[in-house]
Amino acid sequence: MMSKPVILTGLRANNDLTIGNYLGAILPMVDMAKKRAGEYRVNMFVPDLHSFTTPIDHGQLYDQVINNIKVYIAAGLPIDHDDVYVYRQSYVPAHSELTWILDCFTGMGEMSRMTQFKDKSAKLSEDRISLGLFNYPVLMAADILLYDASYVPVGDDQTQHLEFTRDIGERMNKQFGELFTIPLPVPKQHEFFGKDQGLRIRDLVDPTKKMSKSDETGRGVIFLSDSPEVATKKIMGAATDSFGEVAFDSKERPGVTNLLTILALLSGKPQHEVNAEWEGKTSYGDFKKGVAEVVASFLTDFQARLAAVDEQPVLSKLEQSEVAMRALSEKTLLRTQQAVGLRPKS
Ligand code: ATP
Ligand code: MG
């Protein structure tokens, strides 16, 4: 059973999740779990240790973690399937232990070049930039390498971290022999998930940046917990352009293109069909109204499904998965400890 290829993804629980998280990471994973569990092992976890690489309200964290797992289930994750595992990173100590070992083989230089570190640290005063934010990618590499994951569906913003995972895995294999399964190169992953590129849902107010759940104002962000009314207001206030005509063109018209993308993904229609419906229309107001209706009805439906998720089966699934993941990850950790000389070779 354990030799099935592994698909793995996680989402930080530092705040409520957004439609960017939903469309970029949750839906592709849920699709895989529905169609391929049996043939593949599906690990969908909450990287709770990653959740405070930037400052958060710690009084909310525990509930946020449980809420996010319910979000996975409301999005359709089939938790009754034996090949589907749902777990919390901090309940599996090997994540932290492998991170320390990998840290010692990681350069300051390569971490300093990470775009996410540059972006996120730019928003913090010097004394609030944590070492945790700096070595976030190393913990992420451990999350992936511990389970021999081949496929990691993530949004476009995580591509660099995934490439680092491949680098550090290959570096260790070169020095110590075959320790880790290396995840597939990012373009190959996109092929597998049936997309030509990692998705990037953009901020509604500033479509040059991606939609982020940790955005300071949240004005350009649709949270899965937003009421349909709030979401409608945000869509109606979305930045567009001065071309005065709906067209799909992510370079020149990122705002309108973002709305067309959201519309297609949430309505489950092919992009070209949605584009054909709207391209050439000259009223941005009508267009936004059309988008807002689809978003509002998605939220109403999703929130009803979320409210109906029972907590007890979630907690037992977590417990079962965490026992299984501790056993699995300890094997990889022991192999690594033996390789670096911390344990005798068997
Ligand atoms: P934060 O601002 O706290 O970093 P985030 O919205 O970037 O939050 P993460 O927890 O860092 O969320 O990422 C979870 C997953 O969601 C990752 O796979 C990431 O690539 C994906 N993701 C995040 N934002 C987007 C987006 N705007 N479009 C598509 N995918 C996204
Ligand atoms: Mg992020």
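The values are calculated or read from the model by the stated rules, or taken from the named source; none is laboratory data. Note that the coordinates shown come from a computational prediction; the quantities given were computed from them, not determined experimentally. We place every Cβ from the backbone using ideal geometry, glycine too, and count neighbours over all the protein chains shown.
Annotation: of all residues in the range 207-232 being surrounded by 13 or more Cβ atoms within 10 Å (Cβ to Cβ) and away from ligand 1 (no atom under 12 Å from the Cβ), the one that is nearest to SER121 (Cα to Cα) is ARG219. Figure legend. Inter-residue proximity from the range 115-131: first residues closer than 13 Å to PHE52 by Cα, second residues assigned to a helix (DSSP H, G or I) and at pLDDT below 95, beta-carbon distance below 8 Å, spacing 6+ or different chains. Indicated pairs: ILE129/SER121. Here GLU170 clears all of (1) surrounded by 13 or more Cβ atoms within 10 Å (Cβ to Cβ); (2) more than 16 Å from ligand 2 (Cβ to nearest atom) except the condition numbered (1). Here the range 150-198 is the region considered, the condition is being over 20 Å from GLY109 (Cα atoms), among the aliphatic types (A, V, I, L, M) and out of contact with any Asp or Glu (no Cβ under 8 Å at 6 or more places or on another chain), and the residue that is nearest to ligand 1 (Cβ to nearest atom) is VAL154.
The strands (runs of 3 or more DSSP E) falling completely within the range 1-112 that include 1 or more residues that are of a type outside the set (Asp, Glu), under 13 Å from the mean Cα position of the chain (by Cα) and within 15 Å of ligand 2 (Cβ to nearest atom) map to 6-10, 41-46. Out of all the residues in the range 301-329, which are over 18 Å from ILE144 (Cα atoms), surrounded by 14 or more Cβ atoms within 10 Å (Cβ to Cβ) and of a type in the set (D, E, K, R)? Across the range 301-329, the qualifying residues are ARG305, LYS317. Quick check on the range 201-215. Is at least one of its residues farther than 23 Å from GLU330 by Cβ and in a helix (DSSP H, G or I)? No.
Being of a type in the set (Val, Ile, Thr), under 17 Å from LYS289 (Cβ atoms) and in a loop (DSSP other than H, G, I, E, B): is that true of THR240 here? Yes: the conditions hold for THR240.
Scan (1) of a type in the set (Val, Ile, Thr); (2) without any contact (Cβ under 8 Å) to a residue 60 or more places away in the chain; (3) surrounded by 13 or more Cβ atoms within 10 Å (Cβ to Cβ) for the single condition THR282 breaks and write down its number. So THR282 meets the others, but not (3). Exactly one residue out of ASN258, ASN275 is touching a Lys or Arg at 6+ places or on another chain (Cβ under 6 Å) and not acidic (Asp, Glu), and it is ASN258. Quick one: is ASP119 charged (D, E, K, R) and crowded, with 18+ Cβ neighbours inside 10 Å? The answer is no for ASP119.
Here is the figure for the range 13-37: residues that are free of Cβ contacts under 8 Å to residues at least 60 places away in the same chain, within 10 Å of ligand 1 (Cβ to nearest atom) and either at positive phi or out of contact with any Asp or Glu (no Cβ under 7 Å at 6 or more places or on another chain) (or both) total 1.
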